[in-house]
Structures are given as structure tokens and as C-alpha cells.
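The values are calculated or read from the model by the stated rules, or taken from the named source; none is laboratory data. This one's a predicted model, so the numbers in the text were calculated from it and none came from an experiment. Don't worry about glycine lacking a Cβ; one is built from the backbone with ideal geometry, like all the others, and counts go over all protein chains shown.
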Amino acid sequence: MRTPTIIALLSLAACGGRSVDWPVYQGSDDHTHYTTLSQISPANVASLKVAWTYDTKDAFDGSEMQSVPVVVDGVLYAMSPKQRAFALDARTGKELWSFDPTGGHFAGPRIRYRGVVVHDGRVYFNYRYRLFSLDAKTGTKAPGWGNDSGWVDLRAGLDRPVKGLSVSASTPGGVYKDMLIMGTAVPEALPSAPGDIRAYDVKTGKIRWTFHTIPHPGEFGYDTWPKDTWKIAGGVNAWSGVTIDQKGGRVFFAAGSASYDFYGANRLGDDLFANSIVALDANTGKRLWHFQGLKHDLWDRDFPASPALVTVTRDGKPVEAVVQITKTGHVWVLNRDTGKELFPSEWRQMPKASLDGEVAADSQRFPTIPRPFVRQQLTESELTDRTPEAHAAALKIFKENPTPHPFTPPTLTGTIIFPGVDGGGEYGGPSYDPKTGLLYVNANEMGWVLKMVRRDTVSLFNAYCAECHGAKSTPLAPTLTGVGKKYTRDQLVRVISDGTGRMPGFSQAMDDSMVGEIADFVLTGKPTHRAPKSVPTFLKYRNTTFDIFLDHEGYPGTKPPWGTLNAIDLNSGETKWSIPFGEYPKLAAQGIKNTGTDNYGAAIVTENGLLLIAATTYDNKMHAYDKATGKLLWEYTLPAAANNTPATYMIGGKQYIVVSCGGGKNGAPSGGTYVAFALP
């Protein structure tokens, strides 16, 4: 029998010392996470060893690092928890350069960015609203890009005033010809900017074209919103990025829901292009077709990942298709040229809304094939029975938040959104094997408790801040406990006015003294009693509870599995296998194993039989599975959870797998280390 070392040497010789890049976010423009690299195989994957590590030294309490590395010409490019962009020698992990957009003055709070774009000797990445272009060799600002400070303002060119609103980009864009095409991340509460798709000139940063995701007068879809809503509505953004069809000259994106997520009295109608897959002409930004998967979203069930471009078989012939996973656990498979469905679907009647002024869609469309990859209805029989105490705690919450239908609109009583707002599917997206037609999806199966309340018209904090931060704090937003130790009053005032990440800026809704009162309340607890301003985005209702459905000990309130890994045949629609994915170490030590956990990120699928994935939140594992059966072949405990997708590349005939270990999701410890594996 050959030893792993001999196998590695033979593979090296067979490769002829060649090098293979991982040149774009998710590996390729089609976002399938597929590789033909074969040195690491099912026969030797258990022999993987750590080849190098790189500690960013930027982790802090509550930080996350979701960056997926890009590797070009032997150099790895990525980002740290504090949003430094850097370059490493991809063979050794040695730092080559680092660029700090804050000049060493990062003050938080946490921000989630998923990587960089590398193209024609430049590195593109953004920090908050600033889109930078760097020289790929030196890490210095590229000449001729943007304004005099060397960056492009993502708030500019949105065709309406957005002063004080947060506009960022949590996911890298894609390059088509000489254009960088970008989606954005904007707040899911109001006030919020629109999520327009824009193409920037790669050399200058000037906008070449814009697609309005909230249609303007005269544009397709304008009549699906109330008149002039485009002037104040927000969201409908491709926060999970765009997908480039280089050969077909098209760009595809999946839009999120309209802001505000849970009450839409100011956006009655279907709300195109929210919750839609849209195909654009990449040269001009003109709409080619769209497919709306959910009308008038009231549950934060935005499409969580960018579309994947695949080829499936129909009637013995290849058909180019677009695949979209959803938070509800459904898979839409559409013809890439027309947007027509390649599997059957059906319309189902929906419950009516109960909140004053709200009108829910009377019906929604669901694919009947493939079957959902997560459970669809939360019933009493699905509540946890881990212990009698856990069951009693879950039952109490279940009865206090009656949800007779999976699409019960939000209520003052409270409901449980299941599948939850973190999926089903999540931002890592699916992986696809073109040889077998199998789509691989990792999924979450946790509920979220949502309760609405009439918005307070007296207290400024309760009116503007409590829907995210609650009376103290909620998992939706950074904790306010001890905030005075982290930020000065001036820093808090700036964040409240300008916003950051998913947090909206309130300079349009509040004057300076109102902002100051809220900052003082956050720092001192001194109540604010001034009435909020009358602004168009001030809605009648807000959420008072928005939290993961957990038992009294902090474990999910449903029966396992709480996370799964699934293989779905896109030619037949059949689910080939599904396994629990992830464990809670404390429960595993008690003999309660294979429960699954929430997970974020995706898998690499290899031509020679492997599924390589980290993603699990609490056990910090990197895994290798047999892609045909789901059998675990190897695992390794990382320094922190890797809530993103690995990258794989080859240098000098040696194949590497690298992943960023950022942690920080749902209370898990934070980290800031990149770990690369290779055969000895």
C-alpha cells in the first residue's frame, strides 16, 4: 500500500508543478464552488495537515470574519475582522502587504464583509460606504480611482437624497469586461437607501450604468408599489452579491426584501423587484427577465445567496439554468435565457394580515419539485424533547406565539417564523457538481420569535432604536451593555446620525439635539421623552421581539436536526441524501450527538469525490465528506468557526485548502485566523 507521502509526491509529478488559482469570490463566476483539482482525494484526505496559519490579530469580542480568500498568481487576498485588506504568499502564509482603510482607527462595531475582487492588477474592496481600488502588488491606492482621497462613495449616484443613510457592500462584486458590477448592503429598517445595482468603470470608478431595484416612474414594476414609493422605500438589495455570465453577457442577482421587513403598510403591492431573481444585460444594465419568488415579504425571507449558474438535463438535452436557494428551504431552477421554471410549481392561498393598514399577498408560489430541504411547519410535535424542562420552556414560547400557518403575517401576539430568518439556505449558497447534476446545500432549521408592538410616539429610543436593540439588547444588534467603555459620545452621535452596516442613519429623521438625547440615554440610561419627528418612513408598528427560538438553556426549541447537509439531483429533483450537520460540544460530551447546528458558508465540491466544508457555528470543524453518500471522511477542529466557504488552489504542483476562522455568530467566540491545509 502506498503511503500518503508517496501518493502526494506522485500527484505532484503528475501535475507537472503547475499552479491553479481561485481567482474570484466563490471560486468561479458561476458560483458553483466546483474544482477539478484532484491531488487531495477521498483516498488521502484524512492525511491533510496544517500547511500554514495567518493570525490577523484583529479579532475582538463579537467580531466576525466571513471573508472568502481569492488566490491569483500565488498571492492570497482577503480581509480581517477589522476590515484590513491584505495579501499573503499563498504557499507560506507570509504577509506581503496590508491596507487599513481606517488608518489604524477602527472603532467598531462589527462589520461583515465577505472578501475582495482581484482584476487586472487591482484589488477592489469596500469599508462601509467607501469602495477602494488598490495596486495588487503593493497594496497602495490605485491611481485615477474615485475622488481625491482614492475611493468611490457608494452613497453617490442613487438618484435620490441619501444623506445620513448607510450604504455598504457586504459581498464582493463581479467584473464583466471593464466594469465592476456591485450590489449593496442597506438597512432592513427605515430609513433605508434603495439597493440599486451599479456598474463602475474598473479604472476610474465612474458609474457606467444603474438598475433601479425599486422602479422609478415609467420603469417596469413601478405599478407594483404605491405611487412615488421609490422616493422613500429602501432595501430590495443584492446583499449576497451578483453572478456574472461571461459568455452570455448577463448579470444575475437575487434581491432581498423591502424595508421595513415586518410591516409594509407604506409599500402595499407585490413590491418588485424584492425577493426576485433578475437577469440584466451586463453591458447596459437593462432588465432581460425577472422571477419573483415571494410577493410583499413580511418575514425577512429575502433570497439569501447569489444565483448559481448550472447546466441540467431535460429530455436528454443540456439546458443552461439558474439555481436559487431560499431561506424557506426551496430550490428554484429556472431557464437561464427566459426565467421560466424547469420544475413544476403551484400557487397556494395565504393567511390575511391582522395589523392595521397591512395587506398581505393573497397567494404565493412554491416549487413542488425538488421538495424543501428543511421542515416547513412548526407544530407541537416538533418541539424539543431533549429534557422535560427544555420541552416545557419551548412549549410555553410556542403557545404564547401562535403560528397556525408558515406564512402567518406578523401580529401583536407574536409568531414563530419557521424556517427562520437565518434559513433554510444562507449566504454561502449552494455547490454544484456538473458531472452528476447534484446540488449541495447546507441548511439551518431554527425558528425565530417575532412580536410586533405599536411604535412609541413619546420616547425617542423606543421609537427609533428598540426594534433592533430592544429594552437592553437582542441578537439582532450589538449589545448596548458597556457601550460607554467602547465609544465616546461623539462616536455614538456619528453612528446614530450616519448609520453603519445594517443599521440605518437617522439624520433625516432626527435633528442634532434628538440624536444627542439618544446618545445620552445609551450612555447614562437617562430617558428621552421628546416626540419623534413626522417623517414619511415613520411607521405605525415595529418589532418588540426578534430572537432565535431557544429553550431555557439556549439550545434550539425544536427537535433536531438543527442543521443539515443535503444533496439534491437537479435533473430529477430527487433528494439523494440528507444528514445532520454540526454538533454542540457540550451536548456531544453528554452523548447527544449528530444534532446539527446553525451553519453559514458553503462547500467546495471536487471532481474526484469530495465535499469540503467548514460552516458549523459551535464545533469549529472543517469537514471532508464523500460527495456521493455524505459519509464523513475527515474533520479538523479550527481555532474558531469558519462561517464562510473555503478556497482551494495549487502552487508548484501542491494543492492547498484555506479557510478563514472568524466565529462570532450567535454568541460563538470570535476569531481572526486563516488556516491552510495540504498533504504532507
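So here's what we get for this one:
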{"quantity": "Answer residue from region 166-201, given it is in contact with a Lys or Arg (Cβ under 6 Å, 6 or more places away or on another chain) and among the small types (Gly, Ala, Ser) and is surrounded by the most Cβ atoms within 10 Å (Cβ to Cβ) among those", "calculated": "199"}
{"quantity": "The one condition in (1) in contact with a Gly (Cβ under 9 Å, 6 or more places away or on another chain); (2) not in a strand (DSSP E or B) that residue 288 fails to fulfil", "calculated": "(2)"}
{"quantity": "Output for region 54-85, where each listed residue is over 23 Å from residue 427 (Cα atoms) and out of contact with any Lys or Arg (no Cβ under 9 Å at 6 or more places or on another chain)", "calculated": "55, 57, 72, 73"}
{"quantity": "Complete set of residues in region 126-153 that are outside any strand (DSSP E or B), free of Cβ contacts under 8 Å to residues at least 60 places away in the same chain and either over 23 Å from the mean Cα position of the chain (by Cα) or in the same structural domain as residue 181 (by TED's automatic domain parsing) (or both)", "calculated": "137, 138, 139, 140, 142, 143, 146, 147, 148, 149, 150"}
{"quantity": "Residue under evaluation residue 666, criteria (1) crowded, with 24+ Cβ neighbours inside 10 Å; (2) modelled with pLDDT under 95, criterion not met", "calculated": "(1)"}
{"quantity": "Residue match in region 296-308 (condition: assigned to a strand (DSSP E or B) and outside the structural domain of residue 197 (by TED's automatic domain parsing))", "calculated": "yes"}
{"quantity": "Residue within region 528-550 that is farther than 30 Å from residue 396 by Cβ, modelled with pLDDT of 95 or more, surrounded by 18 or more Cβ atoms within 10 Å (Cβ to Cβ) and of a type outside the set (Lys, Arg) present", "calculated": "no"}
{"quantity": "Options 273, 253, 262; residue that is buried (at least 24 other Cβ atoms within 10 Å of the Cβ) and closer than 13 Å to residue 300 by Cβ", "calculated": "262"}
{"quantity": "In region 599-611, the residues that are part of a strand (DSSP E or B) and over 14 Å from residue 68 (Cα atoms)", "calculated": "599, 605, 606, 610, 611"}
{"quantity": "Criterion: hydrophobic (A, V, I, L, M, F, W, C) and surrounded by fewer than 20 Cβ atoms within 10 Å (Cβ to Cβ) - qualifying residue of 99, 106", "calculated": "106"}
{"quantity": "Options 670, 660; residue that is more than 11 Å from residue 614 (Cα to Cα) and within 21 Å of the chain's Cα centre (by Cα)", "calculated": "670"}
{"quantity": "Residue list for region 109-135, restricted to those being surrounded by fewer than 23 Cβ atoms within 10 Å (Cβ to Cβ) and at positive phi", "calculated": "120, 121, 128"}
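Condition check ((1) out of contact with any strand residue (DSSP E or B) (no Cβ under 6 Å at 6 or more places or on another chain); (2) crowded, with 24+ Cβ neighbours inside 10 Å; (3) over 22 Å from residue 27 (Cα atoms)) across all residues:
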{"position": "209", "(1), (2), (3)": "no, no, yes"}
{"position": "212", "(1), (2), (3)": "yes, no, yes"}
{"position": "216", "(1), (2), (3)": "yes, no, yes"}
{"position": "219", "(1), (2), (3)": "yes, no, yes"}
{"position": "223", "(1), (2), (3)": "yes, no, yes"}
{"position": "232", "(1), (2), (3)": "yes, no, yes"}
{"position": "240", "(1), (2), (3)": "yes, yes, no"}
{"position": "258", "(1), (2), (3)": "no, yes, yes"}
